[in-house]
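The structure under discussion appears below in the form of structure tokens.
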Amino acid sequence: MGATGKDNLDLTFFTNEGDDSLLERFRRVLKHTRYFDVLVGYFRASGFYNLYRSLEDVEKIRVIVGLKLDEHTWDIYRHAREGAPLEFRSSHKIREQYRNELRDDVQATDDNLETDTGIRKFIDYIKSGKLEMRVYPDQPIHAKVYIMRKPEGSEDFGRVITGSSNFSFSGLSENLEFNVELKQGYDVRFALDKFEQLWAQSIDITEDFVSTVDQETWVNDSITPYELYLKFLYEYFKLDLSYDLDLIKDRLPEGFLDLEYQKQAVVNALRIIDEHGGVFISDVVGLGKTYISAMVAGQLDGHTLVISSPVLLDENNPGSWPNVMRDFNVPTQCLSVGKLDSIDHNRLKRIKNVIIDEAHAFRNQTNKTYEQLASICHGKRVILVTATPYNNRPEDLLSQIRIFQKGKQSTIPGLPNLEKFFSEMEGKIDRELRETDYPAFLEQLREVSSEIRNRVLKYLMVRRTRTEIERYYGEDLKKQGLRFPFPYPPTALFYKLNATENRIFNHTIELLQRGFNYTRYAPMLYYKGKMSELERQSQRNLIKFMKQLLVKRLESSFFAFRATIERFIRSYEIFLQLYDDGYIYFSKKHLNKIFDYVEAGNEEAIEKMIEEGLAEKFPASQFKPSIRTDLENDLNTLRTIREEWQGIKRDPKLLEFIAQLKEDKILNESKLIVFTESEETACYLRDSLEIHYPGRVLMFSGKSDESLRKEVIYNFDAKSSIQHNAYRILITTEVLAEGVNLHRSNVVVNYDIPWNPTRMMQRVGRINRVDSKFDTIYTYNFFPSEEGNDAIRLREIAMMKITSFITLLGADSQLLTEHEEIEQHELFNKLNSYQSEEDEGESPLSYLNEIRRVMENDPELFKKISQLPVKAKSAISAKGKKDAVVSYIKKGNLEKFFICDVSLETKELDFLESASTLKCEPGTKRANYDLESLYKFIGVNMSAFRNGVTSQQDEIQHQGSKTASAKLLQQVKFLLKQFTALPPVDEKFLETLRLRLEQGALPKQTVTTAQKAGEAALQNNDAKSALRALKQSIPPALLTGHISDSIKVEEGVEEVILSLYINGK
């Protein structure tokens, strides 16, 4: 045992230690061997491909392997041996079991050039007759005997090696083994005699080896490009294909349409919930997200809580949540989104699922409402219902995802640290480029959106568009007698200002842009005391908002603008009087509430809050003297605007609307839905139109009562059980832009510009329903212009006025969705052309439907595809392209696609890019390829996959030291060390809090509040007070079990599922 080097090879015993391995012994002895016989319990391909070079000069190889027979096979074999010669049935069963073991063995080997070459050499040996294999079934073989005979005329007969090593890579070199080499001729002959006896009693499996390896393992050379393409689709959609859609059909209410696209959404959602604890139901408006969500809840155990706006909790509304959930027989409680603080947490104990309607309203983590929602949802499955989850910033999505995911320990494959990921996404967007290089800014947004979609949303979201539904489920819709109405290109209506109106209109815009400081709404910018940058920025943000409010009022209606100017003047006069009395009143608390309303777009509530927000009292002496000068200048500007507008006696916009109502055939004969952002404009329109259409005009706003809500439903909802026809024109604010059906109408009039076209889509979505009786829907948009007869000039003037609005509103005011340009002609064209929100390019649904058709129409092909081995390969000709390999690689639930070409540079592809690259026709011939290049490219792809996984796993360590979370974590660790003996309940509280902070499982508002409270106590060196402050600041529900705690993140082993060689030659 102490000998080394060459001495080791002369020893009789060896143990695989150092260079003294069975593999090295074979390499030495086989140089002079003519016949090589092997008797082992396990013969592994890994043993052969490590040794094949040493077998080149061996004339004949025979192998007997043992087989651990299952009980059924052993019974068959024993019966055959006792009664008669071995029959086909028992022989076939034994060979089948061997093939299964062999297939698993080869599939487990490394996918590289060395292995591939070794296995192919093995097959060549078999086909040439050099290698024969048999299986001995009589009884288990525990022996490991290797007989090597030398050519005739040699000095000795040969060698026998026996001991503990099986013919596998581990047995040859890795494991600690104990083997002996026997050199005496009588030992060799004894072993040979026994081998010959066993050989005669064994079953030939030579052909089984070849057929199994050739056809059932990754060495298969017959897989066509089309088969590989289908294998790609099968592996990607395997879980979707495994669900039985009829199980959902059985739970549908009587009379409810059995729609394939809705059932498929339920299947996808259930899988996502199972894997991640929550799901986004984000189909575009009008596809039945409420019904899909109800079907999902119906498949889950436990009671369900629905959180929604009041209008969708009204049982008089046939499409309301209480009615839908009752129809689907789902045990449900309902809660208004404005009453989250009133929930009885004892009632939540039997709630296992929470549906959050219009979930995009919770895209801000830093308010109390979000904290209340997080407490309610904690530990429960979550269904987020929203057609517009991503409005402006990546943070919008993170806030919603964190309702059911931990920020630093997510279940998303390869992406544990969501906080770091979304921070990086935000960092990739240079918002200053919006002003200096807009095309570059748009490209940044596209890249970020694509990365978020491919790395996050594809795991969490169900989203389909109308175009997709019509294209991929058209036959089912037709069978059900359904269709989507055609959206006719929007019509632009120009209200023409005369010379005086135009002059005053333009002068007002100029004054608001340059002559108005909005001082009354940002007094703390003049404060001499200490102010954080965040507090100063919040004041600047409020200035922007108030500027936007004035501009929107001007564009909405002259009436609403005059009323707003009057309120501004009154507010300034009161503020100045209080200042002259020696005090300034301001409320930081109310400012936070204001920004909650900003998020919700509730402008009336904001104005009211600002007017009533006189809470904190500051001495006027603590403010810079310039504040009074600026207040006076602002007030004078407002009075100038009021005075100029007192000379305006007519309303060109209203006059144009009344004229169009009489002249335009569609407007004259149809039920109309008229939207405006201003409640004052809505009231003004109602009163004005009532003169022309007495008793036929209905107005609804956030202040409307229950009786008016019923009238809306009875007169405009096609699904209402009560149908009235009293009203033809419905005038409404944004309160009816979401969550209600108004599809007894097919006309929407946007009386003021819907600056965010996403909002316009939501408005039109009230009438664009899959069950509408109309073939066509119409949209009308109003734009300001000047008097004149030239239609082109009308448009140019309208664009110029939109430009002035945009300039005044500011580039960051969310005018359009994230992918749209903000130049005036782009906004104008966007609002006045039918550009479907669904036109999002190629869809994964086309590929899912393709593999589903194969499954349903060609079961034999589908079975073949499903049984193709992983690591499958094929090749396709692509003249003029570089040679390259596309690889589909998985580890657990993480799956990625890479392409590497002759430059040895790799690029990650998304699913659609990969699918389009692999897609081919059934008759596509398999091309030739260079084996060495194939594995070189696969190796580069695998390295890219490993590097990505490693860097993503490192993300979980990310923890900024300056964040409130990091500071609070330091406080918790300090308190755990500070107390030598804590009551068990307090120790458990701190340990749980530490864990949840490390996981990123607490809302930002909660963390910030607790951190400040703890910091204040610790500044006084009062640890007990700090502990008490933390316990008071953190809702107990947030420290209970998280929904993702029970979800096992599947790690798995990395493996190449398949690879396609692209032969450019």
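Pairs exceeding 30 Å between alpha-carbon atoms, taken from Lys496/Lys710; Lys380/Lys552; Lys352/Lys863; Lys380/Lys420: Lys496/Lys710; Lys380/Lys552; Lys352/Lys863. Summary of the geometry: segment 369-393 and segment 479-541, compared by the centres of their Cα atoms, lie 29 Å apart. With a cut-off of 19 Å on the backbone N, the residues of segment 506-548 near the modelled label site 7 Å out from Ser621 along Cα-Cβ are 526-530.
Scanning residues 5 or more positions from Met699 or on other chains, those with amide H under 5 Å from its amide H are Ile731, with H placed 1.01 Å from N in the peptide plane.
Just to verify a number: FRET efficiency for Tyr583 and Ala440, C-beta to C-beta distance, R0 = 56 Å, to 0.05? Write down the numbers at each step before the final one.
Values: r = 49 Å, r/R0 = 0.88.
According to the calculation, E is roughly 0.70.
Distance between the pseudo-spin-label points of Val210 and Ala108 (7 Å out from Cα toward the beta carbon): 2.7 nm. Length gained on full extension, Arg514 to Thr992, computed as 0.36 nm times the residue gap minus the Cα-Cα distance: 166.6 nm.
Taking a point 7 Å from the Cα of Arg853 along the Cα-to-Cβ direction, the residues of segment 902-946 with backbone N closer than 20 Å to it are 912-925.
Residues in segment 233-246 carry Karplus couplings, in order, of 5, 4, 5, 6, 9, 3, 5, 5, 6, 7, 7, 8, 5, 5 Hz; the curve used is 6.51 cos²θ - 1.76 cosθ + 1.60 with θ = phi - 60°, and Gly or Pro positions show x.
Provide the gained length on full extension for the span Glu475 to Leu931, in nm with one decimal, where the gain is 0.36 nm per separating residue minus the Cα-Cα distance.
Values: separation 456, 0.36 × 456 = 164.16 nm, distance 4.53 nm.
Difference between extended and current length: 159.6 nm.
When the trypsin sites (Lys or Arg not before Pro) in segment 171-276 are filtered for DSSP coil states and for at most 16 other beta-carbon atoms within 10 Å of their beta-carbon, the remaining sites are Lys183, Arg251. Taking other Cβ atoms within 10 Å as a rough exposure proxy, Trp218, Trp321 sort from fewest to most as Trp218, Trp321.
What order do you get for Val972, Val870, Val456 when you list them from fewest to most C-beta neighbours inside 10 Å? Write down the numbers at each step before the final one.
Numbers: Val972 25, Val870 16, Val456 22.
Going from least to most buried by this count: Val870, Val456, Val972.
Length gained on full extension, Glu573 to Lys1024, computed as 0.36 nm times the residue gap minus the Cα-Cα distance: 157.4 nm.
Quick one: of Lys368/Lys406; Lys127/Lys194; Lys238/Lys263, which pairs are farther than 24 Å apart, Cα to Cα? Intermediate results must be reported in sequence, preceding the final value.
Details: Lys368/Lys406 19 Å; Lys127/Lys194 26 Å; Lys238/Lys263 17 Å.
Cα-Cα > 24 Å for Lys127/Lys194; rest within.
State the Cα centre-to-centre distance between segment 134-204 and segment 987-1065 in whole Å. The two parts, judged by their Cα centres, are 59 Å apart.
The shape of segment 418-509 comes out oblate: with a ≥ b ≥ c from the C-alpha gyration tensor, a/c is at least 1.5 while a/b does not beat b/c.
Backbone geometry of segment 162-171 corresponds, through the Karplus equation with coefficients 6.51, -1.76 and 1.60 at θ = phi - 60°, to 3J(HN,Hα) couplings of 9, x, 9, 7, 7, 7, 9, 4, 5, x Hz, x marking Gly and Pro.
Distance check, please: which entries in Lys349/Lys896; Lys896/Lys919; Lys144/Lys183 exceed 28 angstrom between their Cα atoms?
Numbers: Lys349/Lys896 40 Å; Lys896/Lys919 17 Å; Lys144/Lys183 16 Å.
Over 28 Å Cα-Cα: Lys349/Lys896.
FYI, it's all coordinate maths here, none of it is from the lab. In this text, all values refer to a predicted model and were calculated from it rather than measured experimentally. Neighbour counts are summed over all protein chains in view; Cβ atoms, including those assigned to glycine, are modelled from backbone coordinates with ideal geometry.
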